[in-house]
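Undergrad: I'd like to ask you about the structure that follows.
A short reminder: the numbers here are calculations on the coordinates, not readings from a lab. Just so it is clear, the structure is predicted and the values come from calculations on it, not from any experiment. Glycine gets a Cβ as well: all are built from the backbone with ideal geometry, and neighbour counts include every protein chain shown.
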Amino acid sequence: MVTLLRLPGPGPGPQPGGQPPWAPRQRWLIDVPVDIDRDSARRAAAGELGDPKYRDAQPNLLQQIAQWLGEQLEKLLNTLSSGLPGGIFGLVLLVVLVIVLVVVIRLRTGKVARAARAERVVFGEARRSAADYRRSAAEAAAAGRFDDAVRDRFRAVVRALEERALLDTRSGRTADEAAAEAGVLLPNVADRLRRGARLFDDVHYGGREGTEAAYQALTELDELCRRERPVAMAGS
């Protein structure tokens, strides 16, 4: 490309050709065209892009990773939502249901469930005889400590069933489990066993105060269980 530049001549003064001194003198210059080869252009572009202002504008490694993960997650959600009824709403509902299911399973089998179960067990580490539990329950009732009286009288019921081999002696059994297992062999008192277990649970971990009526009910249950014959032996 040829560029013509018009340059003004010298200032006022005698001008050749009889022109007035105020008439500008023009001169024409012809620029030599510049031809840049590919290598030079590449080096020039690299130099321009190497400017710090371009490097500062680029995202760092963490930003690039986060952007890539976001793109992959968006693709996954789009893929899943396209195959579910309701689209993205259906996918969100499915995720919520899965979370609820996991929480329920954890509550029933995890540490929370084990901790709740540990609080409901009938016996702790120590185990005494049924006669000892009856004696301590009577002493507590005489002193007006019906919380202890209710706990120990129900323990006397369960321990007596273990001593008769109607229940196996094992730790970690809850009051409800003891009532359910014993009720199979002693069906005539199964309902009263369940009610007795509820009384024990209400006082032992439910925070309710024991009463004289609850203690008397468990005392009667203990006497009934001692007289009752298990169904497996009824025909012998």
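Undergrad: Compute the FRET efficiency between D168 and E228 as 1/(1 + (r/R0)^6), taking r as their Cβ-Cβ distance and R0 = 25 Å, and round to the nearest 0.05.
TA: 0.85
Undergrad: Additional query: From the Cα gyration tensor of segment 130-230, with a ≥ b ≥ c the square roots of its eigenvalues, which class applies: rounded if a/c is under 1.5, or else prolate if a/b is larger than b/c, or else oblate?
TA: It comes out prolate by the Cα gyration axes.
Undergrad: What FRET efficiency do you get for R145 and A180 if R0 is 45 Å and r is their Cβ-Cβ distance, rounded to the nearest 0.05?
TA: 0.95
Undergrad: Going by how many other Cβ atoms sit within 10 Å of their own, how do R155, R135, R192 line up, fewest first?
TA: Arranged by neighbour count, lowest to highest, R155, R135, R192 become R135, R192, R155.
Undergrad: Sorted from fewest to most neighbouring beta carbons within 10 Å, what does the list F200, F123, F146 look like?
TA: Least to most surrounded, the residues fall as F123, F146, F200.
Undergrad: Please arrange L161, L224, L167, L61 by counting, for each residue, the other beta carbons lying within 10 Å of its beta carbon, fewest first.
TA: L61, L224, L167, L161
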